[in-house]
Amino acid sequence: RYEPTWGSLDARPLPAWFDEAKFGVFIHWGVFSVPSFGSEWFWWYWQKEKREPYVKFMDTNYPPGFSYEDFGPMFTAEFFDANQWADVLKASGAKYVVLTSKHHEGFTLWGSKYSWNWNAVDVGPKRDLVAELAASIRNRTDLHFGLYHSLFEWFNPLFLEDATNAFKTRKFPTSKSLPELYEIVTKYQPEIIWSDGDGNAPDTYWNSTGFLAWLYNDSPVRDTVVTNDRWGAGSICAHGGFYTCSDRYNPGHLLPRKWENCMSIDRRSWGFRRDARLCDYLAIEDLVQQLAETVSCGGNLLMNIGPTHDGRIAVVFEERLRQVGAWLEVNGEAIYGTKPWRAQNDTATPGVWYTFSPKEGQVNAIFLNWPVSGVLELGEPRAKLGETQVKLAGYKELLKWVALGEKGMVIALPQLTPQQLPCQWGWTLKLTDVN
């Protein structure tokens, strides 16, 4: 049994499915999807920091005295079709999904009995959105279902009172945050608890170790659940299950512990923005690069989309997800279930990232640029004449190659028209019998 101490909890082995999965989709959805302007931190920027664009947006478009709470009934979700979401998520090639059950605004996407009149069953859609998505994911896909949950809430009076008392009092976690966590685990049995938002309070205030000990020992998901590292000030990148370290974290080298790169297709926001422009969205080439870099360094990629207030996945997000799925159809062997190789990227040619498939005993070299010359030089593999074989993922014939002394090789790529290429953005060489 795990003790409620970091020493004991940090020693828990991470359930194997998470490292094998490699790729998940993050979904930021909530009342912030109604103004859908600037950022999901809309309420904070408007009311607390009084940032000029936000104040001006409200003054121009809403009547005097309009409060953030007034957005609640406008979060309608009339087009939300959990089955359609599940089908898009499945088509993306993702192996898990993480939905914001509650962001820092405190609005819960399920009918929480600890969030009276500020939840999706009492206000807005009048539906349990968490239950609907969980059911569709489990009925229609093999994705693991996960939930994001914010520990703190910007404007909750109980939290503000505790903060004023320098967190010597614990009214908020005992009456709100912790009961909610037990509630979502018991009710929805998520296989990921993605915690966030410590409000600068230590993990002792949140009783994070007590909750995690219960989660790992006695909860209905004790054997399969994975958690991140955001359990109180000072715990990020130091304690918990896998490390996130920061948003859009991509170290570019191996880490001693399992980590995740959570990033957003919209460079500027996690929630949906009506004011976004095409150039604000990462292109599929960027996403393939992020995936290759992240996985080669031992990480998982958690790619975020922000649905609209009425429950749609905007077509730009759907397109990106389906493009990643199409790429994984061809190159998935170089991603799923792989381990980092002795070299993460190539020394001779930039934009080449390595992974290792233990079952096949094969080294995968993912290259992001098709060389004009038609030959690709790799500085890392040690090829052996008569033994080493090179294949291009999605192409039948073996490729010809020459060794460059002790280490390195030059590979002749097939001469293909753009239509004949196995995929459009990033390609995989499968190398067997290289040292």
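May I ask you to list the residues in the stretch 201-220 that are touching a Pro at 6+ places or on another chain (Cβ under 7 Å) and of a type in the set (Gly, Ala, Ser)? Break it down stepwise before answering.
Taking the stretch 201-220 first, the residues touching a Pro at 6+ places or on another chain (Cβ under 7 Å) are 205-207, 209-210, 213.
Correct list: GLY210, ALA213.
Within the stretch 298-329, track down each residue that is hydrophobic (A, V, I, L, M, F, W, C), touching a residue at least 24 places away in the same chain (Cβ under 8 Å) and either in contact with a strand residue (DSSP E or B) (Cβ under 8 Å, 6 or more places away or on another chain) or open to solvent by 10 Å² or more (accessible area, probe 1.4 Å) (or both).
Taking the stretch 298-329 as the starting set, the residues that turn out to be hydrophobic (A, V, I, L, M, F, W, C) are 301-303, 305, 313-317, 321, 324, 326-328.
Next, only the ones that are touching a residue at least 24 places away in the same chain (Cβ under 8 Å) stay: 301-303, 305, 313-314, 316-317, 321, 324, 326-328.
Residues satisfying the conditions are LEU301, LEU302, MET303, ILE305, ILE313, ALA314, VAL316, PHE317, LEU321, VAL324, ALA326, LEU328.
In the same structural domain as HIS239 (by the TED database), buried (at least 17 other Cβ atoms within 10 Å of the Cβ) and either basic (Lys, Arg) or under 14 Å from VAL97 (Cβ atoms) (or both): does that describe HIS144? Working first, answer last.
Values: in the same structural domain as HIS239 (by the TED database): yes; buried (at least 17 other Cβ atoms within 10 Å of the Cβ): yes; either basic (Lys, Arg) or under 14 Å from VAL97 (Cβ atoms) (or both): yes.
For HIS144, the condition - in the same structural domain as HIS239 (by the TED database), buried (at least 17 other Cβ atoms within 10 Å of the Cβ) and either basic (Lys, Arg) or under 14 Å from VAL97 (Cβ atoms) (or both) - is met.
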Looking only at the stretch 165-191, count how many residues are farther than 12 Å from LEU147 by Cβ and among the aliphatic types (A, V, I, L, M). 2
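Let's see how each residue does on (1) at pLDDT below 95; (2) open to solvent by less than 10 Å² (accessible area, probe 1.4 Å):
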{"residue": "PHE211", "(1), (2)": "no, yes"}
{"residue": "TRP214", "(1), (2)": "no, no"}
{"residue": "VAL225", "(1), (2)": "no, yes"}
{"residue": "GLY240", "(1), (2)": "no, yes"}
{"residue": "THR244", "(1), (2)": "no, yes"}
{"residue": "TYR249", "(1), (2)": "yes, no"}
{"residue": "TRP270", "(1), (2)": "no, no"}
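For the stretch 119-139, which residues satisfy the criterion of being of a type outside the set (Val, Ile, Thr) and open to solvent by 40 Å² or more (accessible area, probe 1.4 Å)? First the steps, then the outcome.
Quick first cut of the stretch 119-139, residues of a type outside the set (Val, Ile, Thr) only: 119-120, 122, 124-129, 131-136, 138-139.
Within the stretch 119-139, ASP122, LYS126, ARG127, GLU132, ALA135, ARG138, ASN139 meet the criteria.
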Basic (Lys, Arg), in a strand (DSSP E or B) and open to solvent by 10 Å² or more (accessible area, probe 1.4 Å) - does that describe any residue in the stretch 331-341? yes
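Would you kindly identify the helices (runs of 4 or more DSSP H) lying entirely within the stretch 1-93 that contain at least 2 residues that are at pLDDT 95 or above and open to solvent by less than 10 Å² (accessible area, probe 1.4 Å)? Don't jump to the end; show me each part of the working.
Details: elements: 6-9, 16-21, 52-61, 82-91.
Counting at least 2 such residues, we get 16-21, 82-91.
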Out of the residues in the stretch 384-434 that are under 31 Å from the mean Cα position of the chain (by Cα) and small (Gly, Ala, Ser), which is farthest from ALA348 (Cα to Cα)? GLY394
Identify all residues within the stretch 155-200 that are assigned to a helix (DSSP H, G or I) and of a type in the set (A, V, I, L, M, F, W, C); write none if there are none. LEU158, PHE159, LEU160, ALA163, PHE172, LEU178, LEU181, ILE184, VAL185
Show the residue pairs that are 6+ apart or on different chains and have beta-carbon atoms under 8 Å apart, the first residue being within the stretch 150-172 and more than 18 Å from LYS48 (Cβ to Cβ), the second being open to solvent by 30 Å² or more (accessible area, probe 1.4 Å) and of a type in the set (S, T, N, Q). ARG170/ASN207
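The values are calculated or read from the model by the stated rules, or taken from the named source; none is laboratory data. No experiment lies behind these values; they were computed from the predicted model shown. No Cβ is skipped: glycine too gets one built from the backbone with ideal geometry, and neighbour counts run over all protein chains shown. Just so you know, the surface numbers come from the protein's heavy atoms only, side chains and all, with ligands and any DNA or RNA stripped out. Shrake-Rupley method; radii C 1.70, N 1.55, O 1.52, S 1.80 Å.
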